[in-house]
1. Can you tell me which residues in the stretch 39-77 are out of contact with any Lys or Arg (no Cβ under 8 Å at 6 or more places or on another chain), part of a helix (DSSP H, G or I) and buried (at least 18 other Cβ atoms within 10 Å of the Cβ)?
2. I'd like to check which strands (runs of 3 or more DSSP E) are fully inside the stretch 111-187 and have at least 3 residues that are farther than 24 Å from A61 by Cα.
3. Just to be sure, is S160 touching a residue at least 12 places away in the same chain (Cβ under 8 Å), of a type outside the set (D, E, K, R), open to solvent by 50 Å² or more (accessible area, probe 1.4 Å) and closer than 17 Å to L45 by Cα?
4. Does R90 meet the test of being of a type in the set (D, E, K, R), open to solvent by 70 Å² or more (accessible area, probe 1.4 Å) and modelled with pLDDT of 95 or more?
5. Read through the list (1) under 17 Å from the mean Cα position of the chain (by Cα); (2) farther than 23 Å from F43 by Cα, then give the number of the only condition that R85 fails.
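The values are calculated or read from the model by the stated rules, or taken from the named source; none is laboratory data. Worth saying up front: this structure is predicted, and the values here are computed from it rather than measured. Every residue, glycine as well, gets a Cβ built from its backbone with ideal geometry; the counts of neighbours run over all protein chains shown. Quick note on the areas: whole protein, heavy atoms, side chains included, nothing else; ligands and nucleic acids left out. Shrake-Rupley method; radii C 1.70, N 1.55, O 1.52, S 1.80 Å.
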Amino acid sequence: MPSPKKTAPKSKKIAPKKSKPRAPTSVAKKIGAMLEGKKAPAFQLADANGKTVALKDLLGANHLVLYFYPKDMTPGCTIEACSFRDNNDRLTALGARIIGISADSSASHTKFTEKHGLNFPLLADPENKVTGLYGVYKMKSLYGRQFMGIERTTFVIDKSGVVRRIFAKVKVNGHTDEVIEALKALG
């Protein structure tokens, strides 16, 4: 009796793996770290009242604490903003000005500022142009879902516009004290 003919198993087509979405540039994660010791990237953004604010107008007489945060009215962002508000006199005494930037609209910033009595400007970057320049618009992950978003980061910029200190992946509790110590080191 002839043996049954054996056939090779059919090869299965394997679908190519889908690549994860990437940041606007392939070096987005490194940009922020590369800025320390260099001139801060210039920008112009609208504040809560729709008035254009440029980096060059914020420098000269003061150091600048430029902080990027994910979203108005969220718990961590509210704690951070209120801490800067409550310590604004200490920051001012050290020759610093505080500015917050998120992708929220000017209208959202107005509500946030009014609700929490913020005493410093918030700038709107809805197209994430400035967050991209500063390397804080990154791939994030939450409960296994990946998405692009702003990584909470603070830049301490001296009066001449040079980035002197970067605080990445900021934990809000105690952060203002870290910023104050960095400003003291600037003299």
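1. L55
2. Strands (runs of 3 or more DSSP E) meeting the threshold: 137-142, 145-150.
3. Considered against the rule, which asks whether it is touching a residue at least 12 places away in the same chain (Cβ under 8 Å), of a type outside the set (D, E, K, R), open to solvent by 50 Å² or more (accessible area, probe 1.4 Å) and closer than 17 Å to L45 by Cα, S160 comes out as no.
4. yes
5. (1) is the only condition that R85 fails.
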